[in-house]
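The values are calculated or read from the model by the stated rules, or taken from the named source; none is laboratory data. Everything numeric in this text was worked out from a predicted model, so none of it was measured. Positions of Cβ are generated from backbone atoms using ideal geometry, with glycine treated the same way; all protein chains shown enter the neighbour counts. The area values use the complete protein model at the heavy-atom level, side chains included, leaving out ligands, DNA and RNA. Shrake-Rupley method; radii C 1.70, N 1.55, O 1.52, S 1.80 Å.
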Amino acid sequence: MQIALFQPDIPRNTGTILRLCACLDVAAHIIEPAGFTTSDRRFRRAGMDYLDEVTLMRHDSWTKFEQWRHARGCRLILFTTRGATPYLDFRYQASDILLFGRETAGVTDEVTAATDARLVIPIKPSLRSLNVAMAAAIAVGEALRQTGQQEKS
């Protein structure tokens, strides 16, 4: 299981997601351009000392990420408020990459078209969306539960 962040623009959210990845032993990808540098103090503070424990790959562009993904045969699962399938109704695979869009703009139409599935985390209809770090935690928790990747030996 892996998490990919498409052009993240809020350093605290990205740091929090990378901390989540470190704790759950889930690889992370940042698809550039990001809206901050890795030296940003808010990013470092949110990730704390966990940032050295995460397997992190940075991709210079969407195109380079897609080349990397296709070479490995991984499915790309987009979490979006416009998703058609509730995340609990989806059957995850251990090699899936869970994709989360830019906090302020989501993903482009090109990115949406390239995904293998578009999932939604249902929320109260009168509200817009969850915080991206919260959505990532909910999504990866279910994906790991289904695939048994967090079972202790």
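For this structure, a couple of remarks:
- Solvent-accessible area assigned to carbon and sulfur over segment 89-153 amounts to 50 percent, based on a 1.4 Å probe.
- Accessible area (Å², per residue) of the chain, counting only protein heavy atoms and a probe of 1.4 Å: 54 Å²
- Within the chain, percent of DSSP bridges classed antiparallel, to nearest 5: 5 percent
- The spacing between segment 78-100 and segment 119-143, judged by their C-alpha centroids, is 10 Å.
- The chain: DSSP helices with Cα axial extent of at least 18 Å and average Kyte-Doolittle hydropathy no lower than 0.0: 11-24, 132-147
- Simple label model, 7 Å out from Cα along Cβ direction - residue 56 to residue 85, nm: 3.1 nm
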